[in-house]
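Contents: one structure, followed by commentary.
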Amino acid sequence: MKNVSLADLKAFLLVARHRSFQQTANELGVSRSSLSHAMRGLESQLGVRLLHRTTRSVSLTEEGAALLQRIDPLLNQLDTALDAIRFRPQELHGTLRINANEGGARWLLAHVVDGFLQAHPKVVLDIVTEGRLVDIVAEGFDAGVRLAESVPLDMIAVPFGGPIRFIAIASPHYLNNAGVPQSPADLLQHRCIAQRLPSGKRYRWEFVQHGKPLTLNVPGNLCLDNSALMVEAVIKGLGIAYVPEPYAREAINNGLAQQVLSPFSPPIAGLCLYYSGHRQIPATLKAFIAAIREANEAVL
């Protein structure tokens, strides 16, 4: 058997992550047909089927899932090692502009920014936080940070931080008075703290019930546009809120809030740094990606 190509293994890893030949082909800058040919060649070399293919979807076989579990950490370690060597000889300078949501900016500040700026003291890191999803290329950003589900399909994504959950929380005082909801439908009888999206629309709460997605336009006479403020409102007993779990963790740990409807709130793909693969990647961005990967490995 010929030696398996590292490029084919990396391509398989991306197909497994995206569950899409087209998205992976866009990220690698190759045609969908050549990517499909490479995956068939990899399967032929290994003597096993790695992917189930239909006209609409791609999924892993049992052998494919086993291969993914083994090569994912190895390829991440290889990328980290190569990036560390690649950037060591040069002293980086210039401005790196990143457009991020608040949760992404908080994670970067907690785990990446200090070490990155110490390693590259001549780089200016300009992080702009806002809720709206912007065109990072048109607005002059080197990269963006959003939840994976919001990353445009033509962008290259670097996941970090692990999966995340959006959870419903309320104060013990509120639940003692109003009762604990047992299913998402029970929220229609509660006071809920709604969230206003940057578009101006109210966010519909998303759950999974009996294995199927369920969205609710919840009632309530308080609407906020900031997750941290929503947690504060919960602590004051103003109702039930639906927020990213990291925002609620401290209040839950301190007994100021408690989660409800946990079985209906499964984890989703978390944060990604993303950038355009259709133009030259600045050395500062390559170094920042290496720092994210290193921090992500340490945290997870």
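The values are calculated or read from the model by the stated rules, or taken from the named source; none is laboratory data. Because the structure is predicted, anything quoted here is derived from the model rather than measured. Using ideal geometry, Cβ is built from the backbone for each residue, glycine included, and neighbour counts are taken over all protein chains shown. Protein only, heavy atoms only, side chains kept; ligands, DNA and RNA dropped before computing areas. Shrake-Rupley method; radii C 1.70, N 1.55, O 1.52, S 1.80 Å.
Observations, loosely collected:
- Loop-located GluC sites (Glu not before Pro) in region 92-142 (DSSP state other than H, G, I, E, B) with a sparse environment of at most 15 neighbouring Cβ atoms within 10 Å: 130, 139.
- Between residue 129 and 100, the built amide H atoms are under 5 Å apart, and every one of these is 5 or more places off in sequence or on another chain.
- Averaged per residue, the chain has 54 square angstrom of accessible surface, using a 1.4 angstrom probe with ligands and nucleic acids left out.
- Close amide H contacts of residue 261 (hydrogens built in the peptide plane, cut-off under 5 Å, sequence separation of 5 or more or a different chain): none are found.
- Computed Rg/Rh of the chain, alpha carbon atoms with Kirkwood Rh: 1.01
- Residues of type lysines that residue 201 reaches as a straight line, Cα spacing below 28 Å, ignoring anything fewer than 8 places off in the same chain: 212, 236
- Unit charges on C-beta of K, R, D, E only; dipole of region 14-124, Debye: 320
- Annotation: lysines with alpha-carbon distance below 29 angstrom to residue 10 (same-chain offsets under eight excluded): 2, 286.
- Within the chain, antiparallel bridges make up roughly 65 percent of the DSSP beta bridges whose residues both belong there.
- In the chain, helical runs assigned H by DSSP with n ≥ 4 each contribute -39500 (n - 2.57); averaged across all residues and rounded to the nearest 500, the mean residue ellipticity at 222 nm is -12500 deg cm²/dmol.
- Loop sites in region 42-144: trypsin sites (Lys or Arg not before Pro), DSSP, at most 16 other Cβ within 10 Å: 49, 56, 122, 132
- J(HN,Hα) series, region 211-219, from Karplus relation 6.51 cos²θ - 1.76 cosθ + 1.60, nearest Hz, glycine and proline x: x, 10, x, 9, 10, 10, 8, 6, x
- For region 152-233, share of DSSP beta bridges that run antiparallel, in % to the nearest 5: 65
- Taking only protein heavy atoms and a 1.4 Å probe, the accessible area of the chain is 52% carbon and sulfur.
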